[in-house]
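Just below is one structure, and these are the notes that go with it.
The values are calculated or read from the model by the stated rules, or taken from the named source; none is laboratory data. Just so it is clear, the structure is predicted and the values come from calculations on it, not from any experiment. Note that each Cβ is placed from the backbone with ideal geometry, even for glycine, and that neighbours are counted across all protein chains shown.
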Amino acid sequence: MVADTSNQPNKPSIGDYLKNNIREYGLLVALVVIMLFFQFVTNGVLFRPVNITNLVLQNSFIVIMALGMLLIIVAGHIDLSVGSIVAFIGAISAIMLVKWGLPAIVVIPACLIVGGIMGAAQGYWVAYQKIPSFIVTLAGMLVFRGLTYVVLGGRPIGPFPKEFQLLSTGFVPDFLYFLNPRPDLIQNMVALVAVLALVGYAIYAGVRNRRVNEQHGSENEPFVFFAIQMAVIAVVALFIGYQLSTYRGLPNVLIAMGVLIALYTFITTRSTIGRRIYAMGGNVKAAKLSGINTERLTFYTFINMGVLAALAGMIITARLNSATPKAGVGFELDVIAACFIGGASASGGVGKITGAVIGAFIMGVMNNGMSIMGIGIDYQQLIKGLVLLAAVFFDVYNKNKG
Amino acid sequence: MDNIILEMRGITKTFPGVKALDNVSFKVREGEIHALVGENGAGKSTLMKVLSGVYPAGTYEGEIYYDGEPRRFSTISDSEDLGIIIIHQELALVPLLSIAENIFLGNEIASNGVIHWPQTFARTQELLKKVGLSEPPATLITDIGVGKQQLVEIAKALSKKVRLLILDEPTASLNETDSDALLKLLMEFRTQGMTSIIISHKLNEIRKVADQITILRDGGTVETLDCQTEDVGEDRIIRGMVGRAMEDRYPPREPKIGETLLEVKNWNVFHQHHRDRQFLHDVNFTVRAGEVVGIAGLMGAGRTETAMSIFGKSWGHKITGDVLMRGKPVDVSTIPRAINAGLAYVTEDRKQLGLVLINNIKENTTLSNLKAVASNGVIDDRKEVKVASDYRSKLRIRSHSIYQETVNLSGGNQQKVVLSKWLFTNPEVLILDEPTRGIDIGAKYEIYTIINQLAAEGKGILMISSEMPELLGTCDRIYVMNEGRIVAELSKAEASQESIMRAIMRSGEKH
């Protein structure tokens, strides 16, 4: 123990910093390596504009659900029912839109509310009756799947009205076309400008944050890491932005996903409710004795998951243009795997939104890349399973060593 | 009769920062009941764990002679092979298995992994008869009372061909009838030549059965009294247990006592799990501004339960009674309400209940009062850093920075983080439950200094401690609890280790 009682915290060395944060950097490196690998073995198909767009559309719902699942896992629970919620929401949206002819503007909020109620129905048993979440949501998984069959009568319903389909197939219109310097190359100027602005803001915010931290003596990551990290993110983002701008531009889903990622990052890192969820997952008894209403917090976490699953359910249904009773089968496993690959701890209290998002994209890129390569679903499953195990082993190994 | 079966010589055992045993020696004669007494923390249980191999040879200094030969036990089964069986205070039975399954757990009568049930049941019945039980061997442990469970433990020991039986506070959770039955059994075993070591706080029981009494204090042997050659009275034992000069281990303080802050009236609480058993009976006490009030008592006296039941009803059920702050009744039915009423509770178990160990100092410091560093649910990082840094320097928390995970801090510094957390809620009355447990002497002094500062600022302190010298050294007034009741209130002038012990013993005999 260092006998340092001064107010100024010591600066950790670069080596220490890398050791303490190897998980986060490792994850980013892994994603980049996996992308480059598939880019290479697919002869450049992976990063074609149309495929990037597909990647985003195919993975958006996993990412969106991973945001909620991360909070559940950090809180020390699990939710196995999200795949079934996806299917059920798809079913009732089909009934409301196709059978009853209600407008999307009414159906979308209604579905979000129903999702919240489904989450609440499970959260009640977990939070207030202290039934393990594994059991409650396993029951939920069966019940909601059953209800989906009941509602659909066992048959798919579709197609959906155009306005609802825009949820997943729409693109941000190119209202900046007049700025376009190379109309022969770039199809959508908004995508490029948006990505440029985003990267610029990220760098500005990062630098400002470091300055504020310095002034207040808080911890900063070493500048080298900051610079490398920023450079990697900027290059990847600009590249993807450019590719998208040469196709149809930014998908609506990407915007929704980006906003949600930002929102949940904010909630987990800056809000009191986020802090309390981490504390509760880290030590529920200590959190309770510190005056935190742990039951209510758990309850809210499940409602939140239900709402996000409902949103994901609508996006998938709109994309498939059909509500089927088998929709979303096995999704819960992809979502949970994304969180664990992203560094969440199965015992709660540990995990980051950025980790879960990167985890989801690692899964997504592997799914997509292997499909392009023509690898069958059998081997895809096998490989994904091994990647999950390896990622978690990496965590455990690091922990034991440290 | 004077055949020495066991001798422990010069046993020294250190834990990080604490010397639990310091050059302890004692001898046990074959066929006797040897009592081991001492205050909480004197080192009795540690000594028995050394003997039984829970702490393997090599992790302590000193020698163990058994049957005249030096022995080095590296696992519990090494000592069990020689017939040394220990029954811990917390019973080691599996509640949902049967008596027979428990007795032969890990030692099954089986061939090729297939259990021989008829033989198992027959053997069990024999063993149960020896300890005076007539339950069918297939009865589940959870369906029999604690007294009978204790007897099952003894039957289990008998199944292992026990020669030296060690019982750690066997009667602590038993009523009088069950205790008597157990003691009678021990005396019967003595006539059959079995040796027993019994750790107990109940001096009247010890006087009844013991042939020799060894007294431990602060990790050292004080003396061994032979009950056959002299008449050993309880006062004699108590003097041995506590007779030590008060050293200069407590910072001086000039108490400035003000108005009554906390008053608890007619507090009755039923047990958390045994729901029809009343655990606390008519507890009444007060804490005044600037006053440090102690609660003394043995383990299981109900001190922690009193504190937790007041603090947001976090222990027990069917809680009745009144809590008043500055003379006005307050609502303490949930923890947030108790905090609002001006209470803070620093738990005795800082790792399990006090800290979120995987979170850092900053996050633990603000946990109970997050809204004070946030606006509209958004944490103001600068404010939070300032609060945590201020407490870190004010309480002299030794760490790299406020970003250090609390799991990596020493016990004393962890305790200071817990104190920071509660001080940041700005309470009027702090309840400190064993605030210096497992902390080295230097850090203890610092904690006492903080307690004095808080009292000087006009806060009321209620301190629960099992270390009597600590209570005597820091408190202005001491309540003594036993078996869920407050049995004495002693002013600083009246309080001494003898008077506290006497109050506990006298009340224990009444019930």
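Among the conditions (1) in a helix (DSSP H, G or I); (2) facing chain B (nearest Cβ under 10 Å); (3) surrounded by 22 or more Cβ atoms within 10 Å (Cβ to Cβ), the only one that A:Thr269 does not satisfy is (3).
B:Gln272 meets each of the listed conditions (1) free of Cβ contacts under 8 Å to residues at least 12 places away in the same chain; (2) touching a Phe, Trp or Tyr at 6+ places or on another chain (Cβ under 6 Å) apart from (1).
Cβ-Cβ distances below 8 Å connect the following pairs, each with a first residue in the stretch A:174-189 that is surrounded by fewer than 16 Cβ atoms within 10 Å (Cβ to Cβ), a second residue that is in a loop (DSSP other than H, G, I, E, B) and among the polar types (S, T, N, Q), and a separation of six or more residues or different chains: A:Leu185/A:Thr246.
Remark: A:Val106 matches the filter, which requires a residue to be assigned by TED's automatic domain parsing to the domain that holds A:Ile78, more than 26 Å from A:Ser347 (Cα to Cα) and either free of Cβ contacts under 8 Å to residues at least 60 places away in the same chain or not in a helix (DSSP H, G or I) (or both). Of the residues making up the stretch A:123-173, those that are part of a loop (DSSP other than H, G, I, E, B), hydrophobic (A, V, I, L, M, F, W, C) and touching a residue at least 60 places away in the same chain (Cβ under 8 Å) are A:Phe160, A:Val172. For the stretch B:127-155, residues that are crowded, with 21+ Cβ neighbours inside 10 Å, farther than 16 Å from B:Asp178 by Cβ and within 26 Å of the chain's Cα centre (by Cα) total 0. Screening B:Asn360 on (1) in contact with a Gly (Cβ under 9 Å, 6 or more places away or on another chain); (2) of a type outside the set (Gly, Ala, Ser); (3) in contact (Cβ under 8 Å) with a residue 12 or more places away in the chain shows it passes everything except condition (1). Scanning the stretch B:186-200 for residues that are over 22 Å from the mean Cα position of the chain (by Cα) and either in contact (Cβ under 8 Å) with a residue 60 or more places away in the chain or surrounded by fewer than 18 Cβ atoms within 10 Å (Cβ to Cβ) (or both) yields B:Leu186, B:Met187, B:Glu188, B:Arg190, B:Thr191, B:Gln192, B:Gly193, B:Met194, B:Thr195, B:Ser196. Of the residues A:Tyr149, A:Tyr124, A:Tyr128, A:Tyr201, which single one is within 30 Å of A:Ala231 (Cβ to Cβ) and not hydrophobic (A, V, I, L, M, F, W, C)? Matching residue, one of A:Tyr149, A:Tyr124, A:Tyr128, A:Tyr201: A:Tyr201. Sub-7 Å Cβ pairs linking a first residue in the stretch B:314-339 that is within 14 Å of chain A (Cβ to nearest Cβ) to a second residue that is of a type in the set (Ser, Thr, Tyr) and in a helix (DSSP H, G or I), at least 6 apart or interchain, are B:Trp315/B:Ser309; B:Ile339/B:Ser368, ordered by first then second residue. Among the strands (runs of 3 or more DSSP E) confined to the stretch B:172-231, the ones with at least 1 residues that are within 27 Å of B:Lys161 (Cβ to Cβ) are located at B:195-199, B:212-217.
Scoring B:Lys444 on the criteria (1) more than 11 Å from chain A (Cβ to nearest Cβ); (2) buried (at least 23 other Cβ atoms within 10 Å of the Cβ); (3) under 30 Å from B:Glu263 (Cβ atoms); (4) within 23 Å of the chain's Cα centre (by Cα) leaves a single failure, condition (2). Do the conditions hold for B:Arg396, that is, is it more than 30 Å from the chain's Cα centre (by Cα), modelled with pLDDT under 95 and not β-branched (Val, Ile, Thr)? Spelling it out, it is not the case that B:Arg396 is more than 30 Å from the chain's Cα centre (by Cα), modelled with pLDDT under 95 and not β-branched (Val, Ile, Thr). Given the options A:Met257, A:Met280, name the one that is within 14 Å of another protein chain (Cβ to nearest Cβ) and aliphatic (A, V, I, L, M). Unique residue meeting the criteria: A:Met280. Filtered by the rule that a residue be part of a strand (DSSP E or B) and closer than 26 Å to B:Met468 by Cα, the stretch B:401-440 gives B:Val429, B:Leu430, B:Ile431, B:Leu432, B:Asp433. Name the single residue that is farthest from the chain's Cα centre (by Cα) among those in the stretch B:327-385 being under 14 Å from B:Trp422 (Cα atoms) and among the hydroxyl-bearing types (Ser, Thr, Tyr). Among them, the one singled out is B:Thr366. For the stretch A:1-45, filtered to residues that are at pLDDT below 65 and crowded, with 16+ Cβ neighbours inside 10 Å, the residue that is nearest to the other protein chains (Cβ to nearest Cβ) is A:Pro9. The strands (runs of 3 or more DSSP E) located wholly in the stretch B:36-155 that include 2 or more residues which are acidic (Asp, Glu) occupy B:61-66.
Here the stretch B:369-379 is the region considered, the condition is being in contact with a strand residue (DSSP E or B) (Cβ under 8 Å, 6 or more places away or on another chain) and assigned to a helix (DSSP H, G or I), and the residue that is nearest to the other protein chains (Cβ to nearest Cβ) is B:Leu370. The stretch A:314-402 holds helices (runs of 4 or more DSSP H) entirely within its bounds, and those carrying 3 or more residues that are within 30 Å of A:Ser271 (Cβ to Cβ), hydrophobic (A, V, I, L, M, F, W, C) and modelled with pLDDT under 90 map to A:377-401.
To keep it simple, each residue is scored yes or no on (1) assigned by TED's automatic domain parsing to the domain that holds B:Leu183; (2) of a type in the set (Gly, Ala, Ser); (3) farther than 21 Å from B:Met48 by Cβ.
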| residue | (1), (2), (3) |
| --- | --- |
| B:Arg71 | yes, no, no |
| B:Ala100 | no, yes, yes |
| B:Asn112 | no, no, yes |
| B:Lys129 | no, no, yes |
| B:Gly145 | no, yes, yes |
| B:Ala155 | no, yes, no |
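Within the stretch B:380-390, identify whether any single residue is over 29 Å from B:Glu498 (Cβ atoms), hydroxyl-bearing (Ser, Thr, Tyr) and more than 9 Å from chain A (Cβ to nearest Cβ), and answer yes or no. Checked the stretch B:380-390: no residue is over 29 Å from B:Glu498 (Cβ atoms), hydroxyl-bearing (Ser, Thr, Tyr) and more than 9 Å from chain A (Cβ to nearest Cβ). Checking A:Val151, A:Val207, A:Val193 one by one, the residue that is in contact with a Phe, Trp or Tyr (Cβ under 8 Å, 6 or more places away or on another chain), of a type in the set (A, V, I, L, M, F, W, C) and more than 21 Å from A:Ile64 (Cα to Cα) is A:Val151 and no other.
With respect to A:Met35, is the statement that it is within 24 Å of A:Pro132 (Cα to Cα), part of a helix (DSSP H, G or I) and in contact (Cβ under 8 Å) with a residue 60 or more places away in the chain true? So A:Met35 fails the test.
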